[in-house]
Structures are given as structure tokens and as C-alpha cells.
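The values are calculated or read from the model by the stated rules, or taken from the named source; none is laboratory data. It should be emphasised that the depicted structure is a prediction, and the values quoted were computed from it without experimental measurement. Using ideal geometry, Cβ is built from the backbone for each residue, glycine included, and neighbour counts are taken over all protein chains shown.
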Amino acid sequence: MADSGNVVLITGGGSGMGREAARRFAAEGSTVALFDVNAAGMAETVGTFDSIHAWTVDMTDFAAVCAAVREVEEKLGPVERLYNCAAIMPFGKLVEQDNAIIHKQMAINYGGLVNITQAVLPGMLQRGRGDFVSFASMAGIIPMLLTGAYTATKFAVVAFTETLYHENMNSGVRFACVCPPAVATPLLQQGRDTAWPKMLDSQNAPIKPRIVIEAVEDCLKKGKFMVYPTRDSKIGAIMRRLFPGLIWKQVHQVEGF
């Protein structure tokens, strides 16, 4: 899997998808750098791996992100693969949700992507190689009631990453924008602790993180930009494009308002 370079940088490496990816890359021989504000979580991710290294970084602080990337490359070597997994996911009705929480989601989920892009991608482009993997969500394709703030961040991630891809198509850097359905990670608990939509309970059970990572690697090898890890996510993307009204009708029926 880690065939495009030896140094992998993973944001949000303290849990969930970031942890799964870090351990998998390390087990396959890569050197892994983790960025997160959750130092304790990163320590758990590192575990017994000598090849996983942790940096406590606030992804909303551009100067701190740039400084950490410089340190990673000085100590470990050029970043050849980026997995941007950092995100938060509290839910709620848009007029009721705390204003600061709405802005915080955009600052981390979208702003963090902007920051890590400008810190890492120029080096990849200069070298003419690398893998740039941006984690969006099916929430960035299909909006739902009670998820508006989170959904807005993931729509932004999709648009930003798609434009980035087209601006650098012939650079030698491979791009992937990942849009999974619900994944069995601790991130889901943030939603459950706030305003969990009935729509999410009406769908299939959350998928395992490894399924997402395997889909990413397969799409990178095949040169596919959009990554839909399941058959249902592929169908959902088509339905959203062709029949948005039907999707909203179903959402209202399920949620009851």
C-alpha cells in the first residue's frame, strides 16, 4: 500500500480513521507523523510502533501547522503522503446550535484542510510526486436535517479538494477526495451526544475504517479522484445529482418535520 513514499503525515491521528491509517502504514514499513490536539490519543496510536511520531498541533493555527510540517520534514524527510482526517462532528438545528460551535467546525474541518494544504502541497508539487488524500464525507454530497453545520464543512472540503485536483492535474501528485458513509469511529459519538438524525439509524450500520482505507488505496492506483467506499455511497451520489427532491422528501418523512 505505501508504495509512493516513506513518510506519511496524518492529521487527526489521535483516534478513529487517523489511528487506523497510522497503524496500517507503520505496519507496512512507512514512517508516520501524527498531528492532533489530543496528545493522549496520539500516544495510544503510537503504541509500540517506533516509526510513528506525534506532534501536538492545532490545525486551525496556520503558523503552528507550517512550523510542525517543517519539523517533520527536517526530522523524518519529505512528506510523500498526506491523510487529512482531522474533524469534529457535533449536530443540531442551525438556528439553535451554538454559534461558536458552528464556526469551530468550519475552522477545523475546512480551515484545517486549507492550512495543511498550503503547508504540505507546495513541497509535493516541487518534487513532482506525492499522494494528497482529503477526507470529506457523504455528508459533503447529501445534506440532512440536524447536520447542517457539519455538512457545510464537508461540502467545502469537496469543493476545495476538487478544485485543487483540477488545478494540479499534471503535477505528478495523486489526489483523492474520500466520501464515506458513517464509519465506526469515535467521531460518531459527537453526533449521538448532540442531535442524532433518525436518517442515520435508518441506514446500514457504520462501516469499518479499513474498508475506507482500502477504497482510498484502490482509487489512487486507478487514478480515480472521488472515493465512494461502498455501493450505497456510489448510488447515493448519483441519486443526489439526479433526484435531490426525492432525497429531501425521504429525509423529511423519516425525521418527521
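When you look at K198, is it more than 28 Å from N170 (Cα to Cα) and not aliphatic (A, V, I, L, M), yes or no? It is true that K198 is more than 28 Å from N170 (Cα to Cα) and not aliphatic (A, V, I, L, M).
Number of residues in the range 147-166 that are closer than 25 Å to D201 by Cβ and of a type in the set (G, A, S): the value is 3. Taking the range 108-140 as the range and being assigned to a helix (DSSP H, G or I), farther than 17 Å from C179 by Cβ, over 11 Å from the mean Cα position of the chain (by Cα) and not β-branched (V, I, T) as the test, the residues that pass are G111, N115, Q118, A119, L121, P122, G123, M124, L125, Q126, R127.
Restricted to the range 25-73, and to residues there that are in a loop (DSSP other than H, G, I, E, B) and acidic (D, E), the residue that is surrounded by the fewest Cβ atoms within 10 Å (Cβ to Cβ) is D50.
Please go through the range 174-212 and give me each residue that is touching a residue at least 60 places away in the same chain (Cβ under 8 Å) and of a type in the set (S, T, Y), ordered by number. The answer is T185, T194. Within the range 234-251, the residues that satisfy the criterion of being farther than 22 Å from V216 by Cβ and either in contact with a Cys (Cβ under 7 Å, 6 or more places away or on another chain) or surrounded by 11 or more Cβ atoms within 10 Å (Cβ to Cβ) (or both) are M239, F243, P244, L246, I247, W248, K249, Q250, V251. Say whether the condition of being in contact with a Pro (Cβ under 9 Å, 6 or more places away or on another chain), charged (D, E, K, R) and surrounded by fewer than 23 Cβ atoms within 10 Å (Cβ to Cβ) is met by at least one residue in the range 193-202. Within the range 193-202, one or more residues are in contact with a Pro (Cβ under 9 Å, 6 or more places away or on another chain), charged (D, E, K, R) and surrounded by fewer than 23 Cβ atoms within 10 Å (Cβ to Cβ).
The requirement of being under 21 Å from the mean Cα position of the chain (by Cα) and at pLDDT 95 or above is not satisfied by V254.
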